[in-house]
Amino acid sequence: MRRLHVDLGERGYDIIIDRGMIARGGIAEYLSSPGGKTAVITDENVDKYYGNAVTSALRGTAAKLVLPAGEATKSFETLQTVYEFLFDFQITRSDLIIALGGGVIGDLTGFAAATALRGVPYVQIPTSLLAQTDSSVGGKTAVNTARGKNLVGAFYQPRAALIDTDCLKTLDDRTFADGMAEVIKYGCIRDEKLFDDLARGEIAEHMDDIVTRCCDVKRAVVEGDEFDTGERMILNFGHTLGHAVENYYNYQKYTHGEAVAVGMYNISLAGERIGVTPRGTAEKIKRVLTKYRLPYALDVDAAALRGAMALDKKSTGGGVNIILLDRIGHAVIRNMPKNEVFQ
């Protein structure tokens, strides 16, 4: 068992990384609800593997909402369904909500927890690699709109993030690769050794360590910039373009990780063009992306993406804060005019 602490004062919490903790009931000690009620929100894919194990570990009264799987679930329409479920259950601010699933469930449930009754405590139990290494930690919650991804949300820290790496065994190849994009991102922005390990393909026996290393990077960045006004922006390497690609295809063609992979490669090409990123860096990233079955080519004209990029949360007036690499393992923030990001 590995434990990291996100030090945010009264909002601080532990990240517990423990293989097999769901199956053996080890999550129970972290799921106490002073009010006696626990609401579990999950999706149909995750529920069949872990729903019963999680609910059976709960004390007091529990209720479970099972939602359709997929990015389309992270919407205002589904959010309304979640609110109705919580209010029918008569949830209170002394009760507990559990987000059991991948990034979609974590983001949606976190936003519902942040806004229902102006804040109900919640715990993240991430089951996908993407959620375990990235979205379950740091308190970013959101839903998508027709105008773009994660445009409506809140910063709301969980009470804990409980990571069982045995969950990775139930992922299909595409979903695992989806999460590997975020792992590669951490190597690019903050951990050159991790990037080199990934380039060599040394991951099969080291997933607990890889998840821990990614979470530790995110922990440190979030502690220094909880509300994403400075250094935390580096965690969005590849995301500004990636979100625009997702939105362009209405979240149908690419998974989040696949779109981020395209974003990391192409933004690195742009960084090389303007002289921030060393020549050959994009090619190194391309080779690692290809090793883990991730796309890299931008198959839509960049001009068609500028509308979505203009609404990016990192936009500032006429520019947008773009995350570039000045070397593998170190990211920098550059503000660029939106029409000059791609030429």
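Before moving on, here are some points about what is shown:
- The helices (runs of 4 or more DSSP H) found entirely in the stretch 206-283 that carry 2 or more residues being farther than 15 Å from Thr133 by Cβ and out of contact with any helix residue (DSSP H, G or I) (no Cβ under 7 Å at 6 or more places or on another chain) are 256-274.
- Under the condition of being in a strand (DSSP E or B) and not polar (S, T, N, Q), the residues counted in the stretch 136-167 number 14.
- Condition check for Ala116: of a type in the set (A, V, I, L, M, F, W, C), assigned by TED's automatic domain parsing to the domain that holds Gly25 and surrounded by fewer than 19 Cβ atoms within 10 Å (Cβ to Cβ): no
- Residues of the stretch 1-23 that turn out to be surrounded by 14 or more Cβ atoms within 10 Å (Cβ to Cβ) and in a loop (DSSP other than H, G, I, E, B), as a count: 5
- Count - residues of the stretch 121-135 that are in a loop (DSSP other than H, G, I, E, B) and small (Gly, Ala, Ser): 1
- Checked against the criterion of being among the polar types (S, T, N, Q), within 28 Å of Ala23 (Cα to Cα) and surrounded by fewer than 24 Cβ atoms within 10 Å (Cβ to Cβ), the stretch 167-185 contains one or more residues that satisfy it.
- Condition met for Phe87 (among the aromatic types (Phe, Trp, Tyr), touching a residue at least 24 places away in the same chain (Cβ under 8 Å) and out of contact with any strand residue (DSSP E or B) (no Cβ under 7 Å at 6 or more places or on another chain)): yes
- Contacts under 7 angstrom Cβ, first residue in the stretch 151-177 being outside the structural domain of Glu258 (by TED's automatic domain parsing) and within 27 Å of Leu294 (Cα to Cα), partner of a type in the set (Asp, Glu) and surrounded by fewer than 19 Cβ atoms within 10 Å (Cβ to Cβ), 6 or more apart: Asp164/Asp18; Thr165/Asp208
The values are calculated or read from the model by the stated rules, or taken from the named source; none is laboratory data. Nothing here was measured: the structure is a model prediction, and the numbers come from that model. Glycine gets a Cβ as well: all are built from the backbone with ideal geometry, and neighbour counts include every protein chain shown.
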